Amino acid sequence: QVQLVESGGGLVQAGGSLRLSCAASGITFSFSFIGWYRQAPGKQRELVAIIDGGGITNYADSVKDRFTISRDTAKNTVYLEMNSLKPEDTAVYYCYAQRWPETYWGQGTQVTVSS
């Protein structure tokens, strides 16, 4: 059974940094895509950053130049380095992975940025 487990969320002041990790277990294959979504209270879940099997990355415009996604294939882990955090980055961050036709989600980790 595939599991995605996030860690690294927490409370940080505006301008600070956090690093999220997502460890995948129960897999014997490579994901087509793996990355991060987030959902703020009262808002829809949105893509934050994603990386494909070839290492190509894609970011939401709101986080470009502040967030960096990376992966360690040997550890089946994907990271999200978040710098210059803003209060509007406050949300539950979910790890997401896809290997057609299946999609997988983690349980989410809370990130709160205080002003």
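The values are calculated or read from the model by the stated rules, or taken from the named source; none is laboratory data. Fair warning: this is a prediction, and the values are worked out from it, not measured in the lab. Cβ sites come from the backbone with ideal geometry, for glycine too, and all protein chains shown count toward neighbours. Protein only, heavy atoms only, side chains kept; ligands, DNA and RNA dropped before computing areas. Shrake-Rupley method; radii C 1.70, N 1.55, O 1.52, S 1.80 Å.
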Hits in segment 1-20 - residues which are over 17 Å from T90 (Cα atoms) and surrounded by 14 or more Cβ atoms within 10 Å (Cβ to Cβ): V2, L4, V5
For segment 61-114, the count of residues that are assigned to a helix (DSSP H, G or I) and open to solvent by less than 70 Å² (accessible area, probe 1.4 Å) equals 2
Among the residues of segment 68-96, how many are charged (D, E, K, R) and at pLDDT 95 or above? 4
Scan segment 17-57 residue by residue and report those that are among the β-branched types (V, I, T) and assigned to a strand (DSSP E or B). I34, V48, I50, I51, T57
